[in-house]
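Have a look at the structure below, then the notes.
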Amino acid sequence: MVKATVTAILSPSAIKRDTVLLTRRAVEPFRDFWCFPGGHIDRGETAKNAIIREAAEETGLELQSPVFLGYCDEIFPALGFHAVVLMFYGTARGELLPQPGEVSDIAWFSVREARSLTLAFNHQEVLTRYENHLDSL
């Protein structure tokens, strides 16, 4: 069954949109890879509420006024994984508090630094979409 997931590109402020938050996964699939915060949408939950919840659970931060960026398919037959990820971006408020057991590390990166990392799932595509959006602002 295809799963619906969400991911968030968080920036520390509206003027520092070229800085993004990544978490290092502590669980499979893609253990030890960096990725944007996110996760599954719960039954009866809106995508917007899901990304606010997931960002808070994984990072301790409040995602302010999430803006829908688009979607991408994440199909990994070898892992038995198929999801449609809804991408959001926004600014973060609060103190970084990674969730033990799910996130092993958390850090802010420039978009350029993030581009040089091997990211989990299709998060390079997510980053490309975000970069293209920044160029249009």
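Kindly put I51, I15, I41 in sequence by how many other C-beta atoms sit within 10 Å of each C-beta, fewest to most. Could the numbers behind the result be given before it?
Details: I51 28, I15 9, I41 22.
Placing the least packed residue first, the sequence is I15, I41, I51.
FRET efficiency for the pair I75 and L96, taken as 1/(1 + (r/R0)^6) with r the Cβ-Cβ distance and R0 = 30 Å, rounds to 0.45. Residues whose amide H falls under 5 Å from that of A120, counting only those 5 or more places apart or on a different chain, are W34, C35, with hydrogens built in the peptide plane.
For segment 3-136, the share of DSSP beta bridges that are antiparallel, to the nearest 5, is 70%.
Near Q99, once Lys and Arg are set to +1 and Asp and Glu to -1 for all other residues with Cβ below 9 Å from its Cβ, the sum equals -3.
All C-alpha pair distances within the chain, sorted into 10 Å bins from zero, spread as 13, 48, 35, 4, 0 percent across the bins.
For segment 12-103, GluC sites (Glu not before Pro) are listed when DSSP marks them as loop and at most 12 other Cβ atoms sit within 10 Å of their Cβ; the list is E95.
Values quoted throughout were computed directly from the atomic coordinates according to the rules given, and no laboratory measurement underlies them. Bear in mind that the values here come from a model prediction, so they are computed numbers and not experimental data. Cβ sites come from the backbone with ideal geometry, for glycine too, and all protein chains shown count toward neighbours.
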